[in-house]
Structure formats: structure tokens, C-alpha cells
Amino acid sequence: MTERHRQDDARHLPGQGDLRRLRVAIDGPAGAGKGTVARGLAERLGYLLVDTGAIYRAVALAVHRVGLAWDDSGAIGTLAEDLASGGRIALERGGPGAPPDSTDARAAHDARAAHTASDAGATDAGSADGPAHSSVGGSGMRVLLDGEDISSAIRAPEISLGASRVSAIPAVRKALLAMQRQAGAGGGVVLEGRDIGTVVFPDAEVKFYLTAPAEIRAKRRYDELVARGITVSFEATLSDVLRRDKADSERAVAPLRKADDAILVDSGHRSPQEIIDEMATLVEIRARGA
Ligand code: DC
């Protein structure tokens, strides 16, 4: 979707008046429910959705496929740069049983070159065509690597840990930064990740930090993996969550932390809908300029 299309959509949304289209950051640890909440919020607001974790996961899968060691920072950084600059990773709106919008990496690259921001790793969660539905991923989008749908492959436990490893490499973060900024540049976007409010868009108009106790987050991740037919134990899932929490929050570059001006939301004992309602109300108030 081009910037012009997005502006047209905004004009035609009933009751939107001259609401400003904001950049909404949702950061927090694994399993806090960011995917569900970010998708619901984007649908509700008619905003684009950008799952930045999926981009790091795509890099991890590429590393795994090429056979690089997780500690080979130099080669992984070079690969990430090639993936980002070559337009080899794309996030697209998913649909149950529907083929990806583009299965051709070259075409996806050309489209990005032509249309800039919203195509560079973004999915439209609530355009005039209707909300994004998907049988893939927590964020309801398809993730493509060289045109191949890798939405399920990037959710495997070893790729989760690999994503945590590659995301600690400064050259990887640098390579993916421009892609994320480009995706959010036009506003009217919900970006989900770890460092959106602190590094990617420190000037985002609305920032949320979503968290929950580790046991609750691990149970959610465990249920999600089981539902996907992946065999794991709860104990292994909990230890993965704790390991990733530690790695994500202790890394030297862009560690996971709440931005000073982010609103803290505990999803532990609240329904996603309740949280989405609260967030949407807040965004709408800010969008009116309050
Ligand atoms: O949200 P997720 O579990 O899909 O993210 C996968 C990994 O990517 C996670 O270990 C942290 C990393 N990540 C990051 O460092 N910065 C982001 N903005 C998003 C994800």
C-alpha cells in the first residue's frame, strides 16, 4: 500500500475527521501479548501493523539456513545487511488459505523501491479492504524470505533463541533500523518490538510497555507452540522465556527497557480486548491533539 493510498483511506474512514495518524510503539518482553494486542489495536484504529520481531526472526532463519554459527557476528551482520538492502525480507497481510500478495522477491523489492515506507516490512491491519485475518503468527501477517512464506518456520523454538542471539549484534540492529523507520515514517502505524519507543521511534506519539509475570508469559507461549503442533515441555518453554528476557534486557545495544514516557500495561490478568480498548481510547485522545 502506498502512502497516497493510506491517506485516501484515512480520508474515507467515517468519523475520523481530521484525526492525526500517529506512531504507536508497543514494546515488552516475549509472551506479554504484544502480537495480539498490536494486531487488535491496529485493526481498531485502521493503522498499519509492523511486527519488528518477525524481521529479526527472518534474519535468524536465514542464518540457520546458511549454516552460520550463532556467534559468527561478522558474517551474520553482513548477511543482515544483504537481506535488508536487497529487500529480501517482506511482511505482508495474511489471510486464511490465501497466497501471499507477492511471492516474488524481486517484485517485492521493486515495489518497495517504488512505494517506500509502508511496504518495507509493514502489513495493513485495517484498510478499507477489511482487517487482516491470518492463520499465521501472533501478529496476523505473512513473513516472506526471498518470496517464500516463512511465517511458521520463524516461530520454531530454536529460531526464537536464534533471533535473540542475532538481535544482540550491533550490525544486525543497524541493518534493520532503516527498514523499521521507513515502515513507520508516514504515521498511522502500530509498531511492535523491544526498542521501538527507545531507539526506533523515540519520538513516537504514543508508547506502551506491555508486560506480565514470566510464568504467565511462558504458559501463553507454550499453548501457542502446542497449538502449532510443536512438541515442547512447559519447563523448557519457561526456561527459554527467562533466557530470552535476560539476553534481551542485558545486551549492550538497544536493550529491552521501558521508555521513560511509555505507559506501563500489565497483561497478566486482563483480556486482550480490555487492553486494546484502553489503548485505543488513549490513542484516539492523543490523535485529537489532547
Ligand atoms: O517479539 P519476538 O519474540 O518475535 O522477537 C524475536 C526476537 O527479536 C526477540 O528475542 C528480541 C528481538 N527483537 C529485538 O531485539 N528488537 C525488536 N524491536 C524486536 C525483536
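Just the residues that are away from the ligand (no atom under 13 Å from the Cβ) and open to solvent by 40 Å² or more (accessible area, probe 1.4 Å), please, taken from segment 67-85. Before you say what the answer is, go through the steps one by one.
If we filter segment 67-85 for residues that are away from the ligand (no atom under 13 Å from the Cβ), which is where we start, we get 67-69, 71-79, 81-85.
Residues satisfying the conditions are 67, 68, 69, 71, 72, 73, 74, 78, 81, 82, 85.
Condition (residue is closer than 30 Å to residue 85 by Cα and in contact with a helix residue (DSSP H, G or I) (Cβ under 7 Å, 6 or more places away or on another chain)) applied to segment 272-279: is it met by at least one residue?
no
Out of 263, 196, which single residue is more than 16 Å from the ligand (Cβ to nearest atom), under 19 Å from the mean Cα position of the chain (by Cα) and of a type outside the set (Ser, Thr, Tyr)?
Working: 196 fails: more than 16 Å from the ligand (Cβ to nearest atom).
Just a single option satisfies the conditions, and that option is 263.
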When you scan segment 40-53, how many residues do you find that are buried (at least 24 other Cβ atoms within 10 Å of the Cβ) and either within 24 Å of residue 254 (Cα to Cα) or among the aromatic types (Phe, Trp, Tyr) (or both)? 6
All positions within segment 126-158 that are open to solvent by 10 Å² or more (accessible area, probe 1.4 Å), within 12 Å of the ligand (Cβ to nearest atom) and either part of a helix (DSSP H, G or I) or at pLDDT 95 or above (or both): 155, 157
Identify, by number, the condition in (1) touching a helix residue (DSSP H, G or I) at 6+ places or on another chain (Cβ under 9 Å); (2) loosely packed, with under 14 Cβ neighbours inside 10 Å; (3) modelled with pLDDT of 95 or more; (4) not in a helix (DSSP H, G or I) that residue 258 doesn't meet. (2)
Yes or no: residue 161 within 9 Å of the ligand (Cβ to nearest atom) and open to solvent by 40 Å² or more (accessible area, probe 1.4 Å)? yes
Do we have any residue at all in segment 49-66 that's away from the ligand (no atom under 13 Å from the Cβ), outside any strand (DSSP E or B) and at pLDDT below 95? no
Checked 114, 98 against criteria (at pLDDT below 95 and assigned to a helix (DSSP H, G or I)); the one match is 114
Going through (1) more than 14 Å from the ligand (Cβ to nearest atom); (2) under 17 Å from the mean Cα position of the chain (by Cα) one by one, residue 230 fails only at (2)
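Go through segment 164-203 and give me each residue that's in a loop (DSSP other than H, G, I, E, B), of a type outside the set (A, V, I, L, M, F, W, C) and surrounded by fewer than 22 Cβ atoms within 10 Å (Cβ to Cβ).
Step one: list which residues in segment 164-203 are in a loop (DSSP other than H, G, I, E, B), which gives 167-169, 185-188, 194-195, 201-203.
Filter again for of a type outside the set (A, V, I, L, M, F, W, C), leaving 167, 186-188, 194-195, 202-203.
Within segment 164-203, 186, 187, 202, 203 qualify.
The values are calculated or read from the model by the stated rules, or taken from the named source; none is laboratory data. Every value quoted in this text rests on a predicted model; they were computed, and no experiment measured them. Counting neighbours? That spans all protein chains shown, and the Cβs are built from the backbone with ideal geometry, glycine included. Each accessible area value is taken on the protein alone, full model and side chains, heavy atoms only, with ligands, DNA and RNA left out. Shrake-Rupley method; radii C 1.70, N 1.55, O 1.52, S 1.80 Å.
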